[in-house]
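A.B. asks: Take a look at the following structure, please.
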Amino acid sequence: MKIGIIGLSNSGKTTVFNALTGQNIETTVYPTTSGEPNIAVVKVPDSRLDRLSAVYKPKKTTYAAVEYIDYIGLTKGDMNQNRKVFDLIKDVDAIAHVVRAFEDDAVVHPMNTVNPLRDIETVELELIFGDLEFVEKRLHRMEEAIKKGKKPDEAEKRLLLRCKDSLEKGIPLRYVGFNEEEQRAMRPLQFVSTKPEVVVLNIGEGDLNTERALKLQEDAERYFLKFSSDPLHPRDKVVTLCGKVEMEIAQLSPDEAKPFLDDLGIEEPALSRFIHACYDILGLISFFTYVGDEVRAWSIPKGTQALKAAGKVHSDIERGFIRAEVVSFSDFVKAGSMRVAKEKGLLRLEGKTYEVKDGDIVNFRFHV
């Protein structure tokens, strides 16, 4: 999974990047318009995998991984500058949109005042304008080709016109109900407003666990609801955190961090809360395997059938699939071991079309 971190300058993007990755990249109090992106790959924390590792004591425990990319800030109305960011995030799976909600006179806001809802709308519009510019250029090239006698791809033209209509209405493309064929046609076009998004409200330490923080989150969630026709399957999530505090906590070991988290009333660190939000908007779940001497977590889309899940582990397993031995994590914990789970009839044999559930522990039987 690849996550692009975006936002206006001085919103705390790099601070949040440090909080999510445990790194200590230098942050500045002035807008940055150039430089190299910060990139880090980190483990996806999962207490269930930790439990399995404690039971099996394997030589190797492999967590799912996420790659974070942090780059320069977006600038209102500067498409040439913003295109540098868009080009970098075109192939990410989701976007982390960091929004400044903290007050600090030493850190200049590019729009002079701290106004989270205005900044959310500003960045959303920049994503929309970027896609609209791309659509208009592509349609223009089609018209030029028609003048030269070349027949256009009518399906693509209809799709582009549909995108143009939504974008001109100020609607991000992730909220448009494209069918499967349209979605396949859109993938190589790499629109940026199609990306699922986690909005990170970066509050000050004094706002932790306050009514102001709660209201900011409710207001942000309400802003996105106006686009959504399916509230049960959101394309956006809002997470509230204090990047400065979370960055400091990320430098500590889990044992050292716990007292600070407890003192601040933070139930779990930013890394965990953020990953949960990303899995939600991407519709991902995790299943686990114990093969050889390795316990491993695998991330797959919700609804994935056992045959495809087997292919995630290895193409040979998919090709020679026979059955999947499955026990849910909760049943495994109740049983205490796989042997007891078998004795109690909690271990099931499932076929190719079984939909793997979040937390399933799976052993694939196969023959090649």
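The values are calculated or read from the model by the stated rules, or taken from the named source; none is laboratory data. These figures come from a predicted structure and were not determined experimentally. Ideal geometry is used to build each Cβ from the backbone, glycine not excepted, and the neighbour counts take in all protein chains shown.
A.B. asks: Go through Arg174, Arg118 for me and flag whichever is buried (at least 16 other Cβ atoms within 10 Å of the Cβ) and either modelled with pLDDT of 95 or more or assigned to a helix (DSSP H, G or I) (or both).
C.D. replies: Working: Arg118 fails: buried (at least 16 other Cβ atoms within 10 Å of the Cβ).
Just one listed residue meets the conditions, Arg174.
A.B. asks: I've got another one for you. Please pick out the residue among Lys137, Lys90, Lys76 that is at negative phi, touching a helix residue (DSSP H, G or I) at 6+ places or on another chain (Cβ under 7 Å) and either at pLDDT 95 or above or not aromatic (Phe, Trp, Tyr) (or both). If you could, list the steps in order and put the result at the bottom.
C.D. replies: Numbers: Lys137 fails: touching a helix residue (DSSP H, G or I) at 6+ places or on another chain (Cβ under 7 Å); Lys90 fails: touching a helix residue (DSSP H, G or I) at 6+ places or on another chain (Cβ under 7 Å).
After applying the criteria, what remains is Lys76.
A.B. asks: What single numbered condition from (1) without any contact (Cβ under 8 Å) to a residue 12 or more places away in the chain; (2) assigned to a helix (DSSP H, G or I) fails to hold for Ala310?
C.D. replies: (1)
A.B. asks: Here's a follow-up. Cβ-Cβ distance below 6 Å, separation of 6 or more or different chains: which pairs start in the range 346-358 with a residue that is free of Cβ contacts under 8 Å to residues at least 24 places away in the same chain and end on one that is not acidic (Asp, Glu)?
C.D. replies: Matching pairs, first to second residue: Leu346/Val327; Leu346/Ala335; Leu347/Val327; Leu347/Ala341; Arg348/Val326.
A.B. asks: Counting only residues that are over 25 Å from Val356 (Cβ atoms) and among the polar types (S, T, N, Q), give me the strands (runs of 3 or more DSSP E) lying completely in the range 207-303 with at least 1 of them.
C.D. replies: Values: elements: 236-241, 284-291, 294-301.
Strands (runs of 3 or more DSSP E) meeting the threshold: 236-241.
A.B. asks: Output the number of the condition that Leu52 fails; it satisfies all remaining conditions of (1) assigned to a helix (DSSP H, G or I); (2) out of contact with any strand residue (DSSP E or B) (no Cβ under 8 Å at 6 or more places or on another chain).
C.D. replies: Of (1) assigned to a helix (DSSP H, G or I); (2) out of contact with any strand residue (DSSP E or B) (no Cβ under 8 Å at 6 or more places or on another chain), only one is false for Leu52: (2).
A.B. asks: Among the residues in the range 75-83, are any more than 18 Å from the chain's Cα centre (by Cα), under 23 Å from Ala250 (Cα atoms) and either touching a residue at least 60 places away in the same chain (Cβ under 8 Å) or not in a helix (DSSP H, G or I) (or both)?
C.D. replies: No, there is no match, as no residue in the range 75-83 is more than 18 Å from the chain's Cα centre (by Cα), under 23 Å from Ala250 (Cα atoms) and either touching a residue at least 60 places away in the same chain (Cβ under 8 Å) or not in a helix (DSSP H, G or I) (or both).
Table: residues versus (1) part of a loop (DSSP other than H, G, I, E, B); (2) touching a strand residue (DSSP E or B) at 6+ places or on another chain (Cβ under 6 Å); (3) aliphatic (A, V, I, L, M).
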{"residue": "Val340", "(1), (2), (3)": "no, no, yes"}
{"residue": "Gly345", "(1), (2), (3)": "yes, no, no"}
{"residue": "Leu349", "(1), (2), (3)": "no, yes, yes"}
{"residue": "Lys357", "(1), (2), (3)": "yes, no, no"}
{"residue": "Phe364", "(1), (2), (3)": "no, yes, no"}
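Yes/no per residue for (1) within 22 Å of Ile275 (Cβ to Cβ); (2) at pLDDT 90 or above; (3) crowded, with 17+ Cβ neighbours inside 10 Å; (4) not acidic (Asp, Glu):
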residue: Ile5; (1), (2), (3), (4): yes, yes, yes, yes
residue: Thr33; (1), (2), (3), (4): no, no, no, yes
residue: Ser47; (1), (2), (3), (4): yes, yes, no, yes
residue: Arg51; (1), (2), (3), (4): yes, yes, no, yes
residue: Pro58; (1), (2), (3), (4): no, yes, no, yes
residue: His97; (1), (2), (3), (4): yes, yes, yes, yes
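A.B. asks: Inspect all residues belonging to the range 189-197 and state whether any of them is acidic (Asp, Glu) and in the same structural domain as Phe86 (by TED's automatic domain parsing). I'd like the intermediate steps shown before the answer.
C.D. replies: Filtering the range 189-197 down to residues acidic (Asp, Glu) leaves 197.
Restricting the remaining residues to those that are in the same structural domain as Phe86 (by TED's automatic domain parsing) gives 197.
Yes: the range 189-197 contains one or more residues that are acidic (Asp, Glu) and in the same structural domain as Phe86 (by TED's automatic domain parsing).
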